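Report on the structure given below.
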Amino acid sequence: MKKQLLSIVALVALLSACDNLKNPETKDQPQEATQDTAVVYRDGETAAGAVADAANAAGNAVDNTWDMTKAQLADVKYPEVNTSEVTVRGNDEYSVYGLEETVLFDTGKAEIKASARKALDQISASIGQRYATGPVRIMGFADSRGDKDFNKELSAQRAEAVKNWLAQNGKIDAGRVSLEPMGESSPVASNATAEGRKQNRRVEIAVRTK
């Protein structure tokens, strides 16, 4: 009788152990972890915490968005910018200084031409006068001809060249300046015509009040 009772107890213990293997304690280890949840668990962060962090990151991204398209910036005239090579659009929050590709660069190149100095001098002086501490964003654009990746890379190199010029010659702290290589996105004219493509090959220097 005792042997039968011990056998029953042993069987119950064995079944309980198997059940524990199928249903581990969630306090101590991840259950049915996917690759993503395993990373969260390994870092010691709860799923709720990960969601909260993602929400905060998304909120910061929205805060950093420069909504210049919806702002519908109007053409403005600044007395300190009197060269026809520079266009200016703006409102109470933004000013955007625009230059065509031919003002700054030779075709397919990212080295700023010596003849661009007057335009860049006027832009940097205007930024210093109106936006002493505001953030600056330099956007490089291309037309739709040629390889898309090449256009994106070229626009990045050109934006970087303008940033370096403003830091070295325009007395604008490089820490204020961010780059946004746009490539062939956001055309301002049709790429079906030579004149339209010319307008799309440009650099824009945007400044924000805060």
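Every read-out reported here was derived from the displayed coordinates using simple, explicitly stated rules and does not represent laboratory data. Only a predicted model underlies this, so the values are computations on that prediction, with no experimental measurement involved. Virtual Cβ from ideal backbone geometry, glycine too; neighbours counted across all protein chains shown.
Of note:
- Among ILE127, ILE205, a tally of other beta-carbon atoms within 10 Å of each Cβ gives an order, fewest to most, of ILE127, ILE205.
- Members of LYS109/LYS198; LYS148/LYS171; LYS113/LYS163; LYS113/LYS210; LYS171/LYS198; LYS148/LYS210 lying beyond 22 Å, as alpha-carbon distances in this model show: LYS148/LYS171; LYS113/LYS210; LYS171/LYS198; LYS148/LYS210
- Cα-only Debye scattering, the range 74-208: base-10 log of I(q)/I(0) at q = 0.10, 0.11, 0.12 Å⁻¹: -0.29, -0.35, -0.42
- Paramagnetic reach from GLU160 in the range 104-132 [backbone N under 19 Å; point 7 Å along Cα→Cβ]: 104-113
- ALA167 versus ASP106: modelled label distance in nm, points set 7 Å from Cα along the beta carbon direction: 2.5
- Dipole of the range 74-208, positive direction: furthest Cα of ALA156, ILE112, VAL188, with charges on the beta-carbon: ILE112
- Counting neighbouring beta carbons within 10 Å and listing from fewest to most, the residues LYS152, LYS163 come out as LYS152, LYS163.
- Cβ-Cβ distance of LYS77 and LYS118, R₀ of 22 Å, FRET efficiency by 1/(1 + (r/R0)^6): the value works out to about 0.80.
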